[in-house]
Structures are given as C-alpha cells and as structure tokens.
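The values are calculated or read from the model by the stated rules, or taken from the named source; none is laboratory data. The structure presented is a predicted model; accordingly, all values stated were derived computationally and were not measured. We place every Cβ from the backbone using ideal geometry, glycine too, and count neighbours over all the protein chains shown. Protein only, heavy atoms only, side chains kept; ligands, DNA and RNA dropped before computing areas. Shrake-Rupley method; radii C 1.70, N 1.55, O 1.52, S 1.80 Å.
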Amino acid sequence: MTNKDFEPRHLETLDRDLGRFSSLESATTYVGRPFVGSGIALVFIVMAGLVAMLFFGNSNNSMIVVIAAGLGAYMALNIGANDVANNMGPAVGANALTLGGAIAIAAIFESAGALLAGGDVVKTIAKGIIAPDSMQTSEVFIWAMMSALLSSALWVNLATWVGAPVSTTHSVVGGVMGAGIAAAGFGAVAWGTMGTIAASWVISPVLGGLVAAGFLWLIKSRIVYQDDKIEAARKWVPVLVGIMAGAFASYLALKGLKKIIKIDITMALTIGLAMGIAVWLVMIPIIRRQSQGLENRNKSLKVLFGIPLVVSAALLSFAHGANDVANAVGPLAAIVQASESGSFTQAISIPIWVMIIGAFGISFGLFLFGPKLIRMVGSQITKLNPMRAYCVALSAAITVIVASWLGLPVSSTHIAVGGVFGVGFFREWDAERRLRKARQSVPDRVQLTREERRRRKLVRRSHFMTIIAAWVITVPAAAGLSAVIFLTIQGFAG
C-alpha cells in the first residue's frame with residue numbers, strides 16, 4: 001500500500017469505527033423521551049441506595065446513608081446532563097465526532113478520571129468550605145451536607161430543563177455554604193477558602209480563553225497563514241499532539257500512579273516530557289501519511305486535526321471526571337464518614353463505592369439527558385471547526401488539570417465556555433487586524449470594510465450576557481435553597 005492510498009483508507013477506517021457508535025445516538029434519542037429517561041434515572045438512584053445499604057451495613061444511621069447515596073446519585077446524573085456538554089460540545093459542533101461517539105468516549109474517560117484522580121477535590125468540597133468544628137453535632141453536619149446535595153441537584157436540574165449550561169461547581173459550593181450559614185452562622189464558612197475558590201472562578205474562564213486563543217494564534221500563524229499549509233501542518237500538528245500527550249501523562253502520573261508509588265511533581269513532569277516527545281515522534285509519520293494528496297487549502301487542514309480533537313476531548317473528559325465528581329460525592333463522603341464514626345472533624349476517607357456512584361452517575365446523566373446541551377455548546381455560541389474546537393478542548397483540559405492538581409473546585413463550565421469565547425473573540429480581533437491591513441493597501445475600501453466589520457461579530461453577545469447572568473445567580477440561588485432545605489429538615493427532626 002502506498003502512502004497516497006493510506007489516507008483515504010485510514011479515514012474510512014476511522015469513520016467506520018466512529019460509526020459503530022451511531023446506534024448510541026438513536027438510543028439516546030429514545031431514552032431522552034421524558035418518561036423513559038426519567039424512569040431509568042430513578043432506577044439508578046434506587047440502585048445507588050441499595051449499594052449504600054450493602055456496603056454500609058445495618059446500623060442506626062444506615063437509612064441516612066441510603067438517602068444520601070440517592071441524593072449523590074441524583075446530583076451525579078445532573079452533572080452528566082449539564083456539565084459534560086462543555087467537554088464534548090466543541091467536538092460535536094466541529095463534526096469531528098458523532099453524538100453517539102461523543103457519549104461513548106465521555107462515559108469511559110469521565111469514569112476513569114473520577115476513579116483514578118478524583119480524591120483531592122472531593123476533600124476540598126467536603127471539608128474546606130465550612131468548618132466542621134463549628135457544627136454542634138454530627139447530626140447537624142449531616143443535615144447540612146444533605147441540604148447541599150439536594151439544593152445543588154435541584155438547581156442544576158432546573159437549569160438543564162431550561163437549557164442553561166450553569167456551573168455544577170458553583171451550585172454545590174453555594175449549597176454547602178448556604179447550609180453551613182443556616183446551621184451555624186456566617187462564622188461556619190471558611191471565607192479564606194471561599195475567597196480562593198471565588199478568585200479561581202474569575203481566573204479560570206479568562207485563563208481558558210487566553211490559552212485557547214494562544215493555541216489558535218499558533219495554528220494560524222504557523223500553519224494557516226503559511227504559503228505551504230500542508231508542509232507546515234506536517235511540522236506543527238505532531239508538536240500539538242505531543243503537548244497534549246505530555247500534559248495527560250504528567251497528570252495521570254501525579255494523580256493516578258501516586259496511589260501505587262510515590263511520585264513528586266518533578267518526576268511527573270519528567271514522565272510527561274518523555275511521553276510528549278515519544279508521541280511527537282510517533283505522530284510525524286502518521287501526519288505525513290495522512291497529508292498525502294491533500295490540497296494546499298484551509299479545508300484540507302481539518303482532516304489533520306480530526307484525531308487530535310477526539311483525543312483532546314477524551315483528555316478533557318478525564319480531567320472533568322477528576323474535578324467534578326467532587327460535586328456529587330464530596331458531601332456524600334462526608335455524610336458516610338460522620339454516620340459511620342460519629343466524627344465529622346477528622347480527615348475524609350473516600351470509600352470506593354462512593355466514587356463509583358459519582359462516576360457512573362455522570363455517565364448515565366450524559367447518556368440520558370446530555371445531547372440537548374451538547375448541541376447548544378457546540379454550535380450556538382460561535383462557529384467551530386476542528387482546529388478551533390481542538391484549541392478549546394486542549395486549553396480547557398490543561399486548565400482543569402492544573403486546577404484539580406491544586407485541589408481547587410473550579411468550574412469546568414467557566415473554563416470550557418471561556419475557551420469558546422476566547423476562540424471567537426480572537427477570530428474577531430484577527431479579522432479586524434487583517435481588514436485594517438487591507439484598508440491601508442486599498443483606501444477606497446473604507447465603506448466595504450465597515451460592512452465586513454459588522455458581519456465579523458463572530459460571538460453571539462446575547463449568549464455571552466445570558467451565560468454571565470447564569471454564573472452570577474447560581475451561587476446565591478443554590479445557597480438560599482440549601483438554607484431553606486436545612487431549616488426544613490431541622491424543623492422536622494426537632
């Protein structure tokens with residue numbers, strides 16, 4: 001087989017493999033019907049309660065743990081329905097993945113991220129937001145955690161129903177804070193930790209947007225604007241894939257392998273560097289074969305970014321599972337420990353069955369209720385192609401990985417949407433820059449460039465304002481709802 005023959009056959013094989021997931025899309029459409037999807041979700045919640053009963057045993061607090069497990073499963077379902085759209089939306093919007101393929105990849109990597117690397121942020125959610133020693137008894141602490149779970153799940157459920165991609169991290173942090181204030185006053189909240197988390201909510205979308213814009217600038221300047229685009233892509237696409245592989249390897253070594261052997265940050269970065277170089281070398285002949293026979297135009301470049309985009313989306317799902325599983329099982333882990341030992345001030349230990357509920361709940365929520373928001377994020381904010389979507393996914397993955405490594409419960413919604421806006425605003429700036437250059441060379445095009453400038457609003461401002469408004473209202477809404485639920489539980493419990 002010649003190099004020229006490889007590329008179409010290679011793409012045909014890839015299309016066939018991804019096509020195997022097409023039945024998932026049909027299945028998702030079927031289960032997305034209100035009664036079918038809701039019925040399956042209810043079965044999963046009941047199963048989570050039965051698992052909790054099996055592992056926790058028969059004790060005085062077993063019913064509390066069973067109820068908490070059901071609430072944790074409910075929250076995990078909502079995370080999958082709302083938050084995972086931010087990971088797979090760009091790939092689906094760029095037509096690099098079918099909806100069924102996106103669901104399959106997300107389910108696998110979300111679960112892997114939650115189970116391998118989800119512990120640190122779980123501890124931040126469970127103990128870092130409110131001071132456990134400010135609670136009067138373990139029962140009060142348990143009620144606060146249950147209120148936080150239920151309020152955040154209800155808020156995200158409402159947002160998903162109306163089609164708004166809100167932050168599940170905002171929701172659960174607001175829920176924990178509201179319940180803590182209702183239980184023990186404003187002094188119960190660790191305001192220093194809340195300040196750090198709040199700062200990360202501002203920094204993360206800006207950082208995600210800047211990183212995405214930076215990668216898009218690199219692609220445009222080094223590949224798109226070159227005279228020989230295909231030759232430039234042969235040089236730079238393997239480099240971009242190597243960067244992605246290095247980031248993934250470093251994170252996996254630091255967060256996953258540390259459970260087996262002790263690895264410090266220097267060793268993890270060394271492993272990442274070695275993996276990045278290895279993948280870069282492997283991708284050089286692959287990209288060269290893929291590029292054989294392609295025409296020297298921008299449309300041809302989309303073919304070369306197909307596989308990197310799929311891999312980057314998988315990486316983002318892994319990072320999201322590691323970071324956002326905390327939103328479902330952080331309060332649940334705290335409830336289990338307080339119910340089992342009677343102590344709610346010691347360090348949190350996370351049972352494996354608790355992590356499994358979170359991991360599987362996210363995957364079920366994505367499959368049952370996620371397609372609506374996947375389509376919205378992928379196509380309604382700004383127009384994406386494989387190169388732009390790759391920049392969004394890679395920037396979001398890197399930002400979430402760093403945040404999870406630091407133990408900060410940042411919002412993956414903020415990061416991913418920030419990346420989408422970063423790409424869109426960079427395109428506007430780049431188009432304006434090129435129009436100014438054209439106007440300088442042809443002065444009589446002034447009126448035409450004004451019309452072109454009007455059409456160059458490549459980011460929908462209405463979506464931008466709506467999303468910002470949703471981000472602002474989520475924390476106080478979840479906190480207020482959590483406080484009401486806590487006071488209601490306290491009233492019934494005497």
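A few notes on this one:
- Candidates G306, G276, filtered to the one that is at pLDDT 80 or above, buried (at least 20 other Cβ atoms within 10 Å of the Cβ) and under 27 Å from the mean Cα position of the chain (by Cα): G276
- The condition of being modelled with pLDDT under 75, assigned to a helix (DSSP H, G or I) and either out of contact with any Asp or Glu (no Cβ under 7 Å at 6 or more places or on another chain) or more than 25 Å from G70 (Cβ to Cβ) (or both) holds for only one of L154, L116, L158, L149, that being L116.
- Hey, A479 modelled with pLDDT of 80 or more, assigned to a helix (DSSP H, G or I) and open to solvent by less than 60 Å² (accessible area, probe 1.4 Å) or not: yes
- Of all residues making up region 317-358, the number that are modelled with pLDDT under 75 and either buried (at least 24 other Cβ atoms within 10 Å of the Cβ) or among the aromatic types (F, W, Y) (or both): 10
- Lone qualifier among T98, T28 - being among the hydroxyl-bearing types (S, T, Y) and either at pLDDT 80 or above or in contact with a Pro (Cβ under 9 Å, 6 or more places away or on another chain) (or both): T28
- Set I243, I271: member being free of Cβ contacts under 8 Å to residues at least 40 places away in the same chain, closer than 24 Å to G113 by Cβ and surrounded by 15 or more Cβ atoms within 10 Å (Cβ to Cβ): I271
Residue-by-condition table, conditions (1) in contact with a Phe, Trp or Tyr (Cβ under 6 Å, 6 or more places away or on another chain); (2) at pLDDT below 55; (3) under 30 Å from S291 (Cα atoms):
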| site | (1), (2), (3) |
| --- | --- |
| K4 | no, yes, yes |
| P8 | no, yes, yes |
| L11 | no, yes, yes |
| S23 | no, no, no |
| G32 | no, yes, no |
| V43 | no, no, no |
| L50 | no, no, no |
| G57 | no, no, no |
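- Considered as a group, the residues in region 215-239 that are free of Cβ contacts under 8 Å to residues at least 40 places away in the same chain and part of a helix (DSSP H, G or I) include one that is most open to solvent (accessible area, probe 1.4 Å), and that residue is K235.
- Looking only at region 170-199, residues that are assigned to a helix (DSSP H, G or I), open to solvent by 10 Å² or more (accessible area, probe 1.4 Å) and small (G, A, S) come to 8 in all.
- Scanning region 53-111 for residues that are closer than 30 Å to G306 by Cβ and in contact with a helix residue (DSSP H, G or I) (Cβ under 7 Å, 6 or more places away or on another chain) yields a count of 31.
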